Amino acid sequence: MKYLVMVQGTQADYEAQAGKPAAGVPGWSKEDVQAMYAHMEALNNDLAETGEMIDGQGLAEPAQTRLVGKGADGKPVITDGPYGETKEVIAGYWLLECASLERVTEIAERVIACPVPEGANEYPVVIRPVFDGGGDC
C-alpha cells in the first residue's frame, strides 16, 4: 500500500530555521538545522534501504507559493503566497510503499522524533493512504 506522509510548517517556521525568530517561534542555530537534516537523512537512508521510499522532498517556504483558482467569471485568478486562509502548509512529504498502516505509523513516530530547538513549533505528522482506484484504500 502506498502512503503519503506529510509534515507541516508555517512561514514563521521557515524563517526561524533561517535564524530569524518571530513571536513565539525561536530562531534556529546552525547546529539545530544540521541536527534536523542529519535526522531526516538517516530516516531517508533507512527507508531507501528497506525499499519503502518512493519519493520524499522538502518544500519551499509558503512565501514562494502561487495559488491558482477560478474567479466568479470562470477565469483563472492567480495569487502569490503565502496562504491567507491558513497558516500551516505542507512543508515536506514522503511517498512510501509500506506493508501496513502500522508500519507507516512507526515511520511517522520517527519523523516526530526529529530534534528541534526548545520552544519551536511541533506539528503532527499526517498519513494519507494513496487511492489506487480499486475502490478501497
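The values are calculated or read from the model by the stated rules, or taken from the named source; none is laboratory data. Being a predicted model, the structure only gives us computed values, none of them experimental. A quick note on method: Cβ atoms are made from the backbone with ideal geometry, for glycine too, and the neighbour counts reach across all protein chains shown.
Only one of the listed residues (Glu41, Glu15) is part of a helix (DSSP H, G or I) and crowded, with 16+ Cβ neighbours inside 10 Å. That residue is Glu15. On the stretch given as segment 85-127, residues that are in a loop (DSSP other than H, G, I, E, B), in contact (Cβ under 8 Å) with a residue 12 or more places away in the chain, under 27 Å from Lys20 (Cα atoms) and hydroxyl-bearing (Ser, Thr, Tyr) total 1. From the list Val25, Val111, the lone residue that is of a type in the set (Val, Ile, Thr) and under 15 Å from the mean Cα position of the chain (by Cα) is Val111.
Of the residues in segment 73-89, none is within 18 Å of Pro129 (Cα to Cα) and among the polar types (S, T, N, Q). The single residue among Gly9, Gly51 that is at pLDDT below 95 and closer than 26 Å to Pro129 by Cβ turns out to be Gly9. Within segment 47-84, if we keep just the residues that are acidic (Asp, Glu) and without any contact (Cβ under 8 Å) to a residue 24 or more places away in the chain, the residue that is surrounded by the fewest Cβ atoms within 10 Å (Cβ to Cβ) turns out to be Asp73. Scanning segment 62-84 for residues being touching a strand residue (DSSP E or B) at 6+ places or on another chain (Cβ under 9 Å), part of a loop (DSSP other than H, G, I, E, B) and either among the hydrophobic types (A, V, I, L, M, F, W, C) or at pLDDT 90 or above (or both) gives a total of 1.
Condition first: in contact (Cβ under 8 Å) with a residue 24 or more places away in the chain and closer than 15 Å to Leu96 by Cα. Can you find one or more residues in segment 8-30 that meet it? Checking segment 8-30: not a single residue is in contact (Cβ under 8 Å) with a residue 24 or more places away in the chain and closer than 15 Å to Leu96 by Cα.
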